[in-house]
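Notes follow once the structure below has been shown.
Please treat every number below as a calculation from the coordinates, not as lab data. Every value quoted in this text rests on a predicted model; they were computed, and no experiment measured them. All Cβ positions, glycine included, derive from the backbone under ideal geometry; neighbour counts span all protein chains shown.
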Amino acid sequence: MERKPIVITPKEARSQINAFGLPLCIYAASTLLLYNGAAFFTRYFPGIFGSFDIDLAVFAAATVIEVILTIMILHIGAVKLRLPLQDYLKKTEITPVTKLLLGCMPVAITLILMSLISIVTFFFTPARASFAFLGDFSSPLLIVKNIVYFALFIIIRPLADELIFRGVVQRQLGHYGRYFGVFASALLFALTQPNLSEALIAFFTGWFYAILTLKYHSLRPTIAAHISTAFFLWLLDAMPDQWLFVRVLMIIAAYVITMLTFFLKAVPYELFFPKNGVSKRLWKILFSASSIRICTILFVVSIILSLML
């Protein structure tokens, strides 16, 4: 006996969206305050923190916020939206070769976007914040900063992003239309970034992670791909300057493997470009939700601040 789809009203849909949308507003606001706020004080009041390390403070605060908000949104998903996480953490049968192909594609996407964005560096902020301490372990403080950076950006944040945006946001929005869940979750992922450069990268990589989630019906491949991407970029940043040749080889390898991904159709093309598209009505419902409007306003404010700083 087939299960009939549950029909809900636009008002009920907005209520469901606001259930995870309000924590996303907190996420976006904290990102704005932490990263743009730190840049503001560093630029205009360089001595206000004295000898206290601002980077370490931001990383520590971001780690706490990531963990708290992830738990909050997962709880909302499990209880109010009835999205049990265990259903999306099942093991998938993926060969090691396919894992390598799928892990390199978001790396290539990120590198290509960073290259394109660097062309307009004079007008926009760089693609990613650069941290001079990466790979420098010459003092206890630098060792701690490297450890905290690694824990936050290579483990905690990729895991939190996948649990939130693919585990809850995409799954819930996918109930209204599976491709709507893909595109809308990628867009909301972008709206929580601190600047336009990071948002562009987040949208296209988020699109890819959402496609993986749709294909395998599991978060395991996306978590692995996201952590692999973060680790690869960390390696590029942490390598000493005399290893420049190794960096170049790593980047070339990522591009070549990504081309093989398309050639071998590790991810079918039709998943990226669905024939029927997404209903405009669904977008209207999404952006009529108060929480999503607030997220959009916070994102615009972040862009303005990042351009000023």
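At a glance:
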| quantity | calculated |
| --- | --- |
| Sorted largest first, extent of segment 174-296 alpha carbons per principal axis (Å) | 53, 35, 22 |
| Between 0 and 90°, nearest 10: helix 10-31 axis offset from the chain longest Cα axis | 10 degrees |
| Three-way shape call for segment 44-109 based on the alpha-carbon gyration tensor, with the a/c threshold at 1.5 | oblate |
| Student exercise, the chain dipole from Lys, Arg, Asp, Glu Cβ charges, in Debye to nearest 20 | 1320 debye |
| In nm, spacing of pseudo-spin labels at residue 275 and residue 142 (7 Å Cα→C-beta vector) | 5.9 nm |
| Residues residue 300 and residue 7, FRET efficiency given R0 of 35 Å [Cβ-Cβ distance, rounded to 0.05] | 0.55 |
| Relative pair counts by distance (%), Cα atoms of segment 1-118, 5 Å bins | 2, 8, 10, 11, 12, 16, 16, 12, 7, 4, 2, 1, 0, 0 |
| Proximal lysines relative to residue 284, as straight alpha-carbon distance under 17 Å, when same-chain residues fewer than 8 apart are discounted | 11 |
| Percent breakdown of C-alpha pair distances by 5 Å bin, ordered from the shortest bin, for segment 85-237 | 2, 9, 17, 21, 19, 15, 10, 5, 2, 0, 0 |
| GNM result for the chain, Cα springs below 10 Å: residue of 134, 100, 244 fluctuating most strongly | 244 |
| Angle between the chain longest axis and helix 54-79 axis [Cα atoms, degrees, rounded to 10] | 10 degrees |
| Euclidean distance of C-alpha centroids, segment 48-120 and segment 219-235, integer Å | 9 Å |
| Cross-link reach list, lysines versus residue 90, counting only Cα pairs under 20 Å and skipping chain neighbours closer than eight places | 99, 215 |
| C-alpha long axis of helix 178-191 to longest principal axis of the chain, angle in ° | 30 degrees |
| Label-to-label distance, nm, for residues given as residue 95 and residue 116 (7 Å Cα→Cβ offset) | 3.1 nm |
| As computed over segment 152-224, the Cα convex hull volume per residue (Å³) | 72 Å³ |
| FRET efficiency, 1/(1 + (r/R0)^6) with R0 41 Å, evaluated for residue 242 and residue 75 via beta carbons | 0.25 |
| Per-selection Rg to Rh, the chain - Cα, Kirkwood hydrodynamic radius | 0.97 |
